[in-house]
Amino acid sequence: MKPGKVRPLAICVFRHGDRILVSEGVDDVKEQTYYRPLGGRIEFGETGAETVRRELMEEISAEVGEVRYMQTLENIFTYNGLPGHEIVLVYDGAFTDPAVYDTPEITAVEHNGTPFRAIWKRLDEFSEKTPLYPDGLMELLTISTGSNVE
């Protein structure tokens, strides 16, 4: 995160029954565990859908089929004591390999080689103490009647 810069992101919600796939992170300053759907920074000349496919292949070596644009969310936040600002394109999608849905925990890797954990969590497992980011995503998911793109 570069101070004073707005970061463009694309994330994708993958659903499996009443669960979604999320990465787990920790804000050490807030002493808080948080969750976010997988995805990442949109590169110059890349569409949001292309970003989702590239990021999921890089992070968990999984191929993404069709994706459907849901909404754009603006996320202004503080992480580890530093301010951040993101414009987040949110997609709904499906994996081409059904085995991904049966893997309860996936060891994923950031672009810099840092490992992280991706897990399937029910929407009712998120709370103020264990939030789902970006801001506004929970509301979007609870009113969304769409399911995975097949």
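In this simple spin-label approximation, D135 and E63 carry label points 7 Å from Cα along the Cα→Cβ vector, and these lie 4.0 nm apart.
All other residues whose Cβ lies under 14 angstrom from that of T130 are scored, Lys and Arg at +1 and Asp and Glu at -1, for a net of 0.
Of all DSSP bridge pairs formed entirely within the stretch 1-116, close to 75 percent run antiparallel. Across the chain, C-alpha contacts under 8 Å between residues 6 or more apart give a mean separation that, scaled by the residue count, equals a relative contact order of 31 percent. One Cα centroid belongs to the stretch 6-42, the other to the stretch 72-150; the line between them spans 3 Å.
Let me make sure I get this right: for the chain, a, b and c are the square roots of the gyration tensor eigenvalues over alpha carbons, sorted descending. Under 1.5 in a/c it's rounded, otherwise prolate if a/b > b/c, else oblate. Which is it? Rounded, since a/c falls under 1.5. Relative contact order of the stretch 1-55: 35 percent, from C-alpha pairs under 8 Å at least 6 residues apart in sequence. From helices alone, the chain scores -4000 deg cm²/dmol at 222 nm; the rule is -39500 (n - 2.57) for each run of n ≥ 4 DSSP H residues, then divide by the residue total. Annotation: extensible slack from Y79 through T33 equals 15.4 nm (criterion: 0.36 nm per residue apart, minus Cα-Cα distance). Multiplying the residue separation of E43 and V6 by 0.36 nm and removing their Cα-Cα distance gives an extension gain of 12.0 nm. Taking a straight line from the alpha carbon of K129, these aspartates and glutamates sit under 15 Å away, with near neighbours fewer than eight places off in the same chain left out: E24, D27, D28, E31.
Computed from the coordinates by the stated procedures, all read-outs in this text should not be read as laboratory data. These numbers come from a predicted model, not from an experiment. A quick note on method: Cβ atoms are made from the backbone with ideal geometry, for glycine too, and the neighbour counts reach across all protein chains shown.
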